[in-house]
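Below you'll find the structure, written out as structure tokens, and then a few comments.
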Amino acid sequence: MVVAAVLAAATAFGLWRRARDGRVVEARVDEQPLGPDELGAPLGERATLVQFSTAFCQPCRAARATLAHVAADTEGVVHVEIDAEHHLDLVRRLNILRTPTTLVLDGTGRIVRRATGAPRLADVRAALPA
Amino acid sequence: MPTRIDPRGPRFAAVLTTVVLAVVLVTGSAWLLAIQGLVFAAGALFGLPRAPYGLLYAKLVRPRLGPPGELEDAAPPRFAQAVGLVFAVVGVIAFAAGLTVVAYVAVAAALAAAFLNAAFGFCLGCEFYLAYRRLFPSQPNTTEVAS
């Protein structure tokens with residue numbers, strides 16, 4: 001009985017997580033913009049894809065490949081990867097709970113989109129500001 | 001370059017872990033939980049490929065499969081084994097102390113995590129890492145100071 005309940009709950013959670021994971025959503029509007037000082041790298045003219053990663057993160061590698069691919073083949077878009085563990089001030093300020101978390105910044109450093117979990121290539125392309 | 005492993009190894013280990021923990025939950029056997037705890041400890045200390053389920057995978061399962069499509073980092077599943085160990089230790093101590101409800105909650109949590117890994121490929125233990133670091137920041141080490 002207990003085993004069945006635990007497995008049912010875990011399955012429900014797994015399906016919910018699978019459906020939501022990596023979805024690119026609108027960011028909250030009240031976030032402060034990010035600049036080169038916080039990122040440790042210059043902003044992209046059109047967009048900056050900021051990826052928060054940790055050492056013990058399986059999907060971070062997939063996210064890295066996707067974001068690096070978009071940055072490589074899109075003019076004015078750069079990919080910046082931040083080790084969350086060593087930037088806890090930023091992690092707390094941006095309320096980052098899991099890795100990978102990806103923020104899409106526009107040319108001025110304003111946070112326009114956010115994805116938790118490895119995002120899909122088409123979703124990242126669609127999330128780029130014009 | 002971090003160590004890379006066949007990702008089907010940890011997945012196979014998660015399936016066995018799920019079965020063992022389900023049996024613990026049904027039978028309430030503290031001994032079986034203690035044995036699973038030793039398996040977790042071996043995975044955390046020596047890496048999954050050198051822990052019992054990893055050796056079983058290499059011996060029995062891997063020869064029947066083709067080569068892996070891709071490799072994954074060894075560190076995340078290894079960290080998850082350490083998280084599993086914490087739950088197993090809590091469970092064994094709780095069983096020994098007669099705190100049966102606490103023991104069952106610990107085993108149920110570990111079972112849910114192992115099942116999510118086996119069925120969905122989610123590494124729940126890995127996801128605790130950032131939350132853990134937010135609570136307990138790592139001490140700056142010498143390499144960071146040097147860079």
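Quick notes on this structure:
- Filtering B:Ala109, B:Ala80, B:Ala103, B:Ala113 for residues that are open to solvent by less than 60 Å² (accessible area, probe 1.4 Å) and over 26 Å from A:Cys60 (Cβ atoms) leaves a single hit, B:Ala103.
- The set of residues in the range B:79-106 being facing chain A (nearest Cβ under 9 Å) and modelled with pLDDT of 95 or more consists of B:Tyr104 alone.
- The range B:125-140, residues that are open to solvent by 70 Å² or more (accessible area, probe 1.4 Å), hydrophobic (A, V, I, L, M, F, W, C) and over 13 Å from the mean Cα position of the chain (by Cα): B:Leu135, B:Phe136
- Any hit, the range B:55-64, residues being open to solvent by 70 Å² or more (accessible area, probe 1.4 Å) and of a type in the set (Phe, Trp, Tyr): no
- Qualifying residue in the range B:12-30 (condition: under 24 Å from A:Thr54 (Cα atoms) and either touching a strand residue (DSSP E or B) at 6+ places or on another chain (Cβ under 6 Å) or within 13 Å of chain A (Cβ to nearest Cβ) (or both)): yes
- Test: A:Arg92 is away from chain B (no Cβ under 12 Å) and either open to solvent by 40 Å² or more (accessible area, probe 1.4 Å) or among the aromatic types (Phe, Trp, Tyr) (or both): no
- Restricting the range A:54-68 to residues that are in contact (Cβ under 8 Å) with a residue 12 or more places away in the chain and surrounded by fewer than 21 Cβ atoms within 10 Å (Cβ to Cβ) leaves a set whose member that is farthest from the other protein chains (Cβ to nearest Cβ) is A:Arg64.
- Candidate set from the range A:69-82 (those that are open to solvent by 60 Å² or more (accessible area, probe 1.4 Å) and not small (Gly, Ala, Ser)); member that is farthest from A:Ser53 (Cα to Cα): A:Glu75
- In the range B:13-43, the residues that are over 24 Å from B:Val102 (Cα atoms) and buried (at least 22 other Cβ atoms within 10 Å of the Cβ): B:Ala13, B:Gly43
- Exclusive hit being aromatic (Phe, Trp, Tyr), open to solvent by less than 40 Å² (accessible area, probe 1.4 Å) and on the phi < 0 side of the Ramachandran plot, set B:Phe122, B:Phe46, B:Phe87: B:Phe122
- Single condition B:Ser147 does not satisfy, out of (1) among the small types (Gly, Ala, Ser); (2) under 26 Å from A:His86 (Cβ atoms); (3) at pLDDT 95 or above: (3)
- Single residue of the range A:9-42 satisfying the filter (more than 14 Å from every other protein chain (Cβ to nearest Cβ) and open to solvent by less than 50 Å² (accessible area, probe 1.4 Å)) that is nearest to the chain's Cα centre (by Cα): A:Val24
- Residue within the range A:69-83 that is under 21 Å from A:Arg17 (Cβ atoms) and touching a residue at least 12 places away in the same chain (Cβ under 8 Å) present: no
- Selection over the range A:95-125 of residues that are within 12 Å of chain B (Cβ to nearest Cβ) and open to solvent by less than 10 Å² (accessible area, probe 1.4 Å) gives a count of 4.
The values are calculated or read from the model by the stated rules, or taken from the named source; none is laboratory data. Predicted, not measured: the structure shown is a model, and the values here were computed from it. When we count neighbours, we look across all protein chains shown, and the Cβ atoms used for this are built from the backbone with ideal geometry, even at glycine. Note: accessible area is taken over every heavy atom of the protein model, side chains too, but ligands, DNA and RNA are not part of it. Shrake-Rupley method; radii C 1.70, N 1.55, O 1.52, S 1.80 Å.
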